[in-house]
1. Taking a label point 7 Å from the Cα of Thr164 along the Cα→Cβ vector, which residues of the stretch 17-40 have an amide N closer than 18 Å to it?
2. Show the residues, 5+ positions off or on another chain, whose built amide H is closer than 5 Å to the amide H of Val197.
3. Hey, fewest Cβ within 10 Å first, where do Tyr281, Tyr198 land in order?
4. Tell me, which longest segment in the chain has none of the GluC sites (Glu not before Pro) that fall in DSSP loops with at most 14 further Cβ atoms within 10 Å?
5. Restricting attention to the stretch 157-190, which chymotrypsin sites (Phe, Trp or Tyr not before Pro) occupy a DSSP loop and are surrounded by at most 12 other Cβ atoms within 10 Å?
6. Counting DSSP beta bridges in the chain, what percent are antiparallel, to the nearest 5?
7. Normalised by the residues of the stretch 147-251, what does the relative contact order come to in percent, with Cα pairs under 8 Å and at least six apart?
8. Once amide H atoms are placed 1.01 Å from N in the peptide plane, what residues at a sequence separation of 5 or more from Phe256, or on another chain, have their amide H within under 5 Å of its amide H?
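What follows draws every value from the coordinates through simple rules; no lab data is involved. If you're wondering where the values come from, they're calculated on a predicted model, not measured in any experiment. For neighbour counting, all protein chains shown are included, and Cβ atoms are generated from backbone atoms with ideal geometry for every residue, glycine included.
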Amino acid sequence: MQRIHLLSPRLANQIAAGEVVERPASVVKELLENSLDAGASQLDIDVEQGGVRRIKIRDNGTGIVKEDLSLALSRHATSKIITLDDLEAVRTLGFRGEALASISSVSRMHLTSQAENEVEAWRVEAEGKDMATAIRPASHPQGTTIDVRDLFFNTPARRKFLRTEKTEFAHLEEVVKRLALSRYETGFRLSHNGKQVYDLRPVTDQLHAEHRLATLLGKKFIENSLTLDVEAAGLRLWGWIGLPTFSRSQADLQYFFVNGRVVKDKLVAHAVRQAYRDVLYNGRHPTFVLYLELDPSTVDVNVHPTKHEVRFRDGRLVHDFLFSRIHKAIADVRPESDGAPTGMQDV
Ligand code: ADP
Ligand code: MG
C-alpha cells in the first residue's frame, strides 16, 4: 500500500503550472499583468523563437524589495490581497500569487528588480528548482526584468504540446495586443528574434488612441467604426463598434474589457450578437473594441485561473445595457428605409 505524503513544492508548482502556463503566450500574459499591476508606464518585451527559447520583459514599475524577492517566487505569495474582502473588490489584474511560482517551476527564470526609493538592484535565479535561490546584487534601473528561458525544459510532456514558432508567436502577439488595448497610457515595445514588431507610445488622447488601434487592428477598422460613450445605472460603456458593413467571417476582431480586464464572456457575447442580429447576415461576425466600467464589487473575476470569465452580480442589467446601447448606436447610423442587412466588406 502507498502511504500518503506531501508533494514537494516544485511538483506542486509544476502541477499548478498546468492551469496557468499553457504556452509562451500565457507567460507573457502573467508577466505583463504583473508589470501593469506594478504601475509600469513602459513595457519592453523581447522574445526569441516564439517565446519558447526566451521571453524577456522589462518594466519601470515599483519593483520588488530585496526581502520579498524569494517570496515573490513562492506559491500563494501576493502583495495584492490580504483578506476575503479585498477579493470582493479586486482592482489588480493578478491576485492569486501563482504565476511566478508556476513559471519558475517550468523554465529557467531570472528576476532582477530595483524597488522604488532603493539604490541597489537584486537578482534571483530559479532554474526549475524548489524556491530556495541565492539573491545577488545586480544592475537595473527602477523596475523589474524577468527573463524566462527554455519554457518546459523540464516537463517534456508539456513541451510536446507547443506548436510551431509562428503559431506560438501569433498567440503571444495576441496577448500583447489585448493588453495594449487595455492600457493606452502605457507604452509597449515588442520585438521578436531581434526584430521590432511595434513600438506603441503611451497615449492620452483619442486621436493617438485611434493611431494605436490602427497599428494593432488595421486602419480599416477605425475607418469603418463608430465611437460610443454612454452611461447609465452606474455602468459606462465606451469604445469602437464596427459598422454592420464591416463584418467578418470569423469572430476575430472582438475585444471586450471589463474594468480594464480582457474578458471572454458568454453574456457579453450574446448581448452584442443580439444587438447586431438584424443588420448582419447569418454567419457574419461584428467587430468591436469595447470597454465596460462598473463598480468592481458588482463583478466577480475569480471564476477561472486565467481570469477570462467574469460573473456579474446583475447579469440581466449588464446584458440589457449592452444590448440596448449598441443596438441604438447602430440604428442611429442606418438609413431609415432599408431594414435588410447591408452590403458586406471584409478586411
Ligand atoms: P499575483 O500577481 O497574483 O500577486 P504573481 O506570482 O504573479 O502573483 O506575483 C507575485 C508577487 O510578486 C506580486 O504580488 C507582486 O508583489 C510581485 N511582482 C511580480 N511581478 C512584479 C513586477 N513586474 N513588478 C513588481 N512586483 C512584481
Ligand atoms: Mg501575477
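1. Taking a point 7 Å out along Cα→Cβ of Thr164, the residues of the stretch 17-40 whose backbone N falls under 18 Å are 24-25.
2. Those qualifying (amide H under 5 Å, at least 5 residues apart or on another chain) are Leu190, Ser191, His192.
3. Values: Tyr281 12, Tyr198 15.
Listing Tyr281, Tyr198 from fewest to most nearby Cβ atoms yields Tyr281, Tyr198.
4. On the way: sites that count: Glu116, Glu118, Glu120, Glu185, Glu336.
No qualifying site falls inside 186-335, the longest such stretch.
5. Phe161
6. For the chain, the DSSP antiparallel bridge percentage is about 85.
7. The normalised contact order for the stretch 147-251 reaches 12 percent.
8. Here Val263, Leu290 satisfy the definition.
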